[in-house]
Amino acid sequence: KDDLLKQKHSTNKYYILRHGHSLRNEKKIASCWPEKIRCPLTKKGEKEIKKAAQELKKKKIDLIFSSDLLRTKQTAQMVAKEIGAKVIFDKRLREIDVGAFNGRPLKFAQKAWGEPWERFEKRLPEGESYSDVKKRIYAFLKDVNVKHKVKNILIVSHECPISLLECALKGFSSQEIVRYRGEDAIETGEWRKIEFS
């Protein structure tokens, strides 16, 4: 593992938040950048984020970093309004790039991709693999950890990127990541603290 992320004494505290329930979840659409179909938060998603924002207010968040897709933007802005923290958008926090399947029903992308463990190296046409996503979100955290000290930082993203980050920090193998995402995947509107290990 990267020496920086092996530090057990990072002076920052990190929290992750998955965006609230959105049209993408409701319609089961494969939606990444560029956004071919608008996928705003649903009423359910707004309710989830209002609850999360109230809980996160107690964590004294200093900075919010967020994916710049609509559903994460809305999530970050709702939380920021409640807790008074600045939002910084970073494209490295975007959803996994599904390439040619962007804007299409999710089931088609999943069928073309194969089994979950295959996706660590297999890319959809013009898209990313899980390993690509893990690399970019890892690089994001490295940069943030160098630039900021003694901060409480909230990361707003999508299930795949933040699950891969959470699992990478736990030192999980590909098989362990697949199992973890099947059993303990972060839900829409859910937040967690992540630890360096």
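Quick one: would you say residue 49 is of a type in the set (A, V, I, L, M), in contact (Cβ under 8 Å) with a residue 40 or more places away in the chain and either within 24 Å of residue 172 (Cβ to Cβ) or open to solvent by 60 Å² or more (accessible area, probe 1.4 Å) (or both)? Steps first, answer last, please.
Numbers: of a type in the set (A, V, I, L, M): yes; in contact (Cβ under 8 Å) with a residue 40 or more places away in the chain: yes; either within 24 Å of residue 172 (Cβ to Cβ) or open to solvent by 60 Å² or more (accessible area, probe 1.4 Å) (or both): no.
Here the answer is no, as residue 49 does not meet what is asked.
Could you say whether any residue in segment 157-175 is β-branched (Val, Ile, Thr) and more than 12 Å from the chain's Cα centre (by Cα)?
Keep residues of segment 157-175 that are β-branched (Val, Ile, Thr), which gives 162.
Narrowing the set further to residues that are more than 12 Å from the chain's Cα centre (by Cα) leaves none.
For segment 157-175, residues β-branched (Val, Ile, Thr) and more than 12 Å from the chain's Cα centre (by Cα): absent.
Any residue at all in segment 6-26 that is at pLDDT 95 or above and in contact with a Pro (Cβ under 8 Å, 6 or more places away or on another chain)?
yes
Of 179, 192, which residue is open to solvent by 10 Å² or more (accessible area, probe 1.4 Å) and in a strand (DSSP E or B)? Explain how you work it out, then say what you get.
Working: 179 fails: in a strand (DSSP E or B).
Result: 192 is the single residue among 179, 192 that is open to solvent by 10 Å² or more (accessible area, probe 1.4 Å) and in a strand (DSSP E or B).
Between 141, 124, which is among the hydrophobic types (A, V, I, L, M, F, W, C) and in a loop (DSSP other than H, G, I, E, B)? Let's see the steps before the verdict.
Working: 141 fails: in a loop (DSSP other than H, G, I, E, B).
Result of the check over 141, 124: 124.
Being assigned to a helix (DSSP H, G or I) and open to solvent by 20 Å² or more (accessible area, probe 1.4 Å) is the filter here; which residues of segment 127-136 pass it?
Quick first cut of segment 127-136, residues assigned to a helix (DSSP H, G or I) only: 130-136.
Of everything in segment 127-136, those that are assigned to a helix (DSSP H, G or I) and open to solvent by 20 Å² or more (accessible area, probe 1.4 Å) turn out to be 131, 132, 134, 135, 136.
May I ask you to list the residues in segment 25-83 that are touching a helix residue (DSSP H, G or I) at 6+ places or on another chain (Cβ under 6 Å) and on the phi > 0 side of the Ramachandran plot?
Passing the criteria: only 28.
Considering (1) surrounded by 14 or more Cβ atoms within 10 Å (Cβ to Cβ); (2) more than 25 Å from residue 60 (Cβ to Cβ), say which one residue 173 fails and leave the rest.
(1)
Failed condition for residue 153, given (1) in contact with an Asp or Glu (Cβ under 7 Å, 6 or more places away or on another chain); (2) open to solvent by 20 Å² or more (accessible area, probe 1.4 Å); (3) not in a loop (DSSP other than H, G, I, E, B), with all others met?
That leaves (2) as the condition not met.
Is one or more of the residues making up segment 27-43 open to solvent by 50 Å² or more (accessible area, probe 1.4 Å), of a type in the set (Lys, Arg) and over 27 Å from residue 127 (Cα atoms)?
Step one: of segment 27-43, the residues open to solvent by 50 Å² or more (accessible area, probe 1.4 Å) are 27-28, 33-38, 43.
If we keep only those that are of a type in the set (Lys, Arg) too, we end up with 27-28, 36, 38, 43.
So of that shortlist, the ones also over 27 Å from residue 127 (Cα atoms) come out as 43.
Scanning segment 27-43, I find at least one residue that is open to solvent by 50 Å² or more (accessible area, probe 1.4 Å), of a type in the set (Lys, Arg) and over 27 Å from residue 127 (Cα atoms), so the answer is yes.
Among the listed residues 166, 187, 183, 159, which satisfies the condition of being charged (D, E, K, R), at pLDDT below 95 and in contact with a strand residue (DSSP E or B) (Cβ under 8 Å, 6 or more places away or on another chain)? Even if it seems obvious, please write down each step before you answer.
Working: 187 fails: at pLDDT below 95; 183 fails: in contact with a strand residue (DSSP E or B) (Cβ under 8 Å, 6 or more places away or on another chain); 159 fails: at pLDDT below 95.
Going through 166, 187, 183, 159 in turn, just one is charged (D, E, K, R), at pLDDT below 95 and in contact with a strand residue (DSSP E or B) (Cβ under 8 Å, 6 or more places away or on another chain): 166.
Looking at 124, 164, 93, which is the one that is under 18 Å from residue 67 (Cβ atoms), crowded, with 16+ Cβ neighbours inside 10 Å and free of Cβ contacts under 8 Å to residues at least 60 places away in the same chain? Full working, then the answer.
Numbers: 124 fails: under 18 Å from residue 67 (Cβ atoms); 93 fails: free of Cβ contacts under 8 Å to residues at least 60 places away in the same chain.
Going through 124, 164, 93 in turn, the sole match is 164.
When only residues in segment 96-120 that are without any contact (Cβ under 8 Å) to a residue 24 or more places away in the chain and of a type in the set (Lys, Arg) count, which is surrounded by the fewest Cβ atoms within 10 Å (Cβ to Cβ)? Talk me through it step by step, then tell me what you get.
Initially, segment 96-120 is screened for residues without any contact (Cβ under 8 Å) to a residue 24 or more places away in the chain, giving 110-115, 118-119.
Of the ones still in play, those that are also of a type in the set (Lys, Arg) are 111, 119.
Details: 111: 10, 119: 22.
Only one residue tops the list, namely 111.
Output the helices (runs of 4 or more DSSP H) that fall wholly within segment 34-113 and possess 3 or more residues being of a type in the set (S, T, N, Q) and modelled with pLDDT of 95 or more, or say none. First the steps, then the outcome.
Values: elements: 43-56, 70-83, 106-113.
Result: 70-83.
The values are calculated or read from the model by the stated rules, or taken from the named source; none is laboratory data. This one's a predicted model, so the numbers in the text were calculated from it and none came from an experiment. A quick note on method: Cβ atoms are made from the backbone with ideal geometry, for glycine too, and the neighbour counts reach across all protein chains shown. Accessible surface areas use protein heavy atoms only, side chains included; no ligands, DNA or RNA. Shrake-Rupley method; radii C 1.70, N 1.55, O 1.52, S 1.80 Å.
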